[in-house]
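The values are calculated or read from the model by the stated rules, or taken from the named source; none is laboratory data. Keep in mind the model is a prediction, meaning the values are calculated, not measured. In this analysis, Cβ positions are derived from the backbone assuming ideal geometry, glycine residues included, and neighbour counts consider all displayed protein chains. Heavy atoms of the whole protein, side chains included, go into the accessibility calculation; ligands, DNA and RNA do not. Shrake-Rupley method; radii C 1.70, N 1.55, O 1.52, S 1.80 Å.
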Amino acid sequence: MNASTRSSLAGRVIKAAATAVALVMTLAACSSPSALIANANDKSKGSNSGSTTTVRIAAQPYPLYSDIWVAYEEGYLKEELAKAKASFTWDSFKSGPLVNEAVAAGNADVGYMADLPAIIAKSTGQDISIVSNVAYGEKALAVLVPKDSPIKTVADLKGKKVGYAVGSYAEHLLALLLSKDGLTLNDVTSANLSADDQVAALQNKSVDAIVIWEQYITKLEDDGTARVLADGTGIKRGNMITYFTTDYAKQHPEVVKAYNRAVQRGADLINKDPDKAAAAVSKDFGVSADQLKKIWTRLTFTTKLESADIDAIKQVEDFAWKNGILKSEVDVDKLIDTSYQN
């Protein structure tokens with residue numbers, strides 16, 4: 001990719017980051033949640049008598065992170081953290097970049113997100129450590145077009161307007177898909193949109209395509225609005241990860257381990273009793289229990305970071321660095337710390 005392309009990509013990411021910072025400043029200045037918060041949950045769920053530390057969790061309400069939400073709703077987080085003499089608070093944000101800003105502002109100790117936003121956070125100087133996997137799934141991220149669209153292949157996107165969240169892992173998938181046809185992000189008109197705004201834009205056809213994740217893929221397919229043009233099959237593993245601020249993790253290693261135990265219990269429930277798990281969390285994502293179980297067929301939930309996961313994250317870092325998305329190179333081997341896995 002040439003210098004002008006790298007500059008364009010970097011400019012889009014910096015603009016998106018600046019917008020997120022402004023939103024976080026609004027949150028800090030207001031007594032009520034700002035638009036960047038997706039929903040405010042009952043903080044009492046995280047209270048533990050006799051706790052000696054509180055871990056502040058920055059959450060995201062998407063099925064990609066279902067095992068964490070099961071751990072939250074079923075009380076596993078409270079139970080496991082109590083063993084480490086800890087309690088937690090829980091605020092839910094609309095995207096990984098916004099979670100990054102909450103952590104950078106000192107308002108959260110732990111966040112979970114897709115691969116690329118975590119790498120971007122590290123490259124901007126945030127002292128964070130990836131401590132566990134959450135899930136992965138090649139089909140849980142996809143390019144969608146209106147059901148009646150004449151667009152039949154990724155190559156047909158040339159010259160078209162595509163909506164996606166700049167700095168999210170959707171940007172990486174789009175770049176990978178375009179490259180297979182000899183195209184780059186410069187060959188499409190990019191619209192930096194949140195997931196909800198992407199849905200509206202596709203419905204009113206102000207964009208030709210969007211790059212979005214679950215729960216939106218299933219909902220838009222089921223209501224007849226859209227169809228999948230391409231997903232990550234064979235080219236993007238699609239890792240979701242949890243990171244802690246490094247200082248917090250070093251000071252409270254047993255809390256990090258307890259968090260990971262709770263999330264793995266959530267993953268185990270999804271795998272062993274999906275009916276019970278879906279009943280517990282489908283409301284959090286605005287889907288039916290049946291839709292959620294369909295979504296789960298596109299994801300593998302586990303806290304374990306295997307070599308395939310680490311290799312996939314390294315590929316994301318390599319892409320982001322070569323294409324001017326990162327402010328500095330990131331050593332993924334140092335970013336990932338598997339010592340907290342149980």
Between ALA289, ALA308, ALA258, ALA279, which is of a type outside the set (Lys, Arg) and under 17 Å from LEU81 (Cα atoms)?
ALA258
Selected residue [in contact with a strand residue (DSSP E or B) (Cβ under 6 Å, 6 or more places away or on another chain) and of a type outside the set (S, T, N, Q)] from TRP90, TRP69:
TRP90
How many residues of segment 254-273 are in a helix (DSSP H, G or I) and surrounded by fewer than 16 Cβ atoms within 10 Å (Cβ to Cβ)? The answer is 3
If you take the residues of segment 315-342 that are part of a helix (DSSP H, G or I) and open to solvent by 50 Å² or more (accessible area, probe 1.4 Å), which of them is farthest from ARG261 (Cα to Cα)?
LYS322
Where a residue in segment 153-167 is closer than 12 Å to ASP208 by Cα and its partner, wherever it lies, is open to solvent by 20 Å² or more (accessible area, probe 1.4 Å) and in a helix (DSSP H, G or I), with Cβ under 6 Å and at least six apart:
LYS158/ASP187
Segment 280-302: number of residues that are open to solvent by 30 Å² or more (accessible area, probe 1.4 Å) and in contact with a strand residue (DSSP E or B) (Cβ under 6 Å, 6 or more places away or on another chain)
1
Would you tally the residues in segment 189-214 being in contact (Cβ under 8 Å) with a residue 12 or more places away in the chain, outside any helix (DSSP H, G or I) and open to solvent by 10 Å² or more (accessible area, probe 1.4 Å)?
10
State yes or no: is TYR243 assigned to a helix (DSSP H, G or I) and not assigned by the TED database to the domain that holds ASP181?
no
Considering segment 87-136 alone, what residues qualify as being more than 27 Å from ARG237 (Cβ to Cβ) and surrounded by fewer than 24 Cβ atoms within 10 Å (Cβ to Cβ)?
SER87, THR89, TRP90, ASP91, ALA105, GLY106, ASN107
Kindly check whether there is at least one residue in segment 277-295 that is more than 15 Å from TYR72 (Cα to Cα), hydroxyl-bearing (Ser, Thr, Tyr) and in contact (Cβ under 8 Å) with a residue 12 or more places away in the chain.
no
If you scan segment 217-242, which residues turn out to be of a type outside the set (S, T, N, Q) and under 21 Å from ALA58 (Cβ atoms)?
GLY238, MET240, ILE241
Part of a helix (DSSP H, G or I) and crowded, with 23+ Cβ neighbours inside 10 Å: which single residue out of ALA277, ALA308, ALA312 fits that description?
ALA277
Among the listed residues ALA35, ALA58, ALA10, identify the single one that is aliphatic (A, V, I, L, M), open to solvent by less than 40 Å² (accessible area, probe 1.4 Å) and at pLDDT below 90.
ALA10
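Here is a yes/no grid of residues against (1) within 20 Å of the chain's Cα centre (by Cα); (2) farther than 16 Å from LEU64 by Cα:
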position	(1), (2)
VAL255	no, yes
LEU269	no, no
ALA280	no, no
LEU292	yes, no
THR303	yes, no
GLU306	yes, yes
GLU317	yes, yes
LYS334	no, yes
When (1) at pLDDT 95 or above; (2) polar (S, T, N, Q); (3) surrounded by fewer than 22 Cβ atoms within 10 Å (Cβ to Cβ) are applied to SER66, the one that fails is (3)
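Every residue, every condition in (1) of a type in the set (Gly, Ala, Ser); (2) modelled with pLDDT of 95 or more, yes or no:
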position: LEU178; (1), (2): no, yes
position: ASP196; (1), (2): no, no
position: VAL199; (1), (2): no, yes
position: VAL211; (1), (2): no, yes
position: GLU221; (1), (2): no, yes
position: ALA226; (1), (2): yes, yes
position: LEU229; (1), (2): no, yes
position: GLY232; (1), (2): yes, yes
position: GLU254; (1), (2): no, yes
Looking at this structure, is PHE93 in the same structural domain as ALA280 (by the TED database), within 11 Å of the chain's Cα centre (by Cα) and under 27 Å from PRO274 (Cβ atoms)?
yes
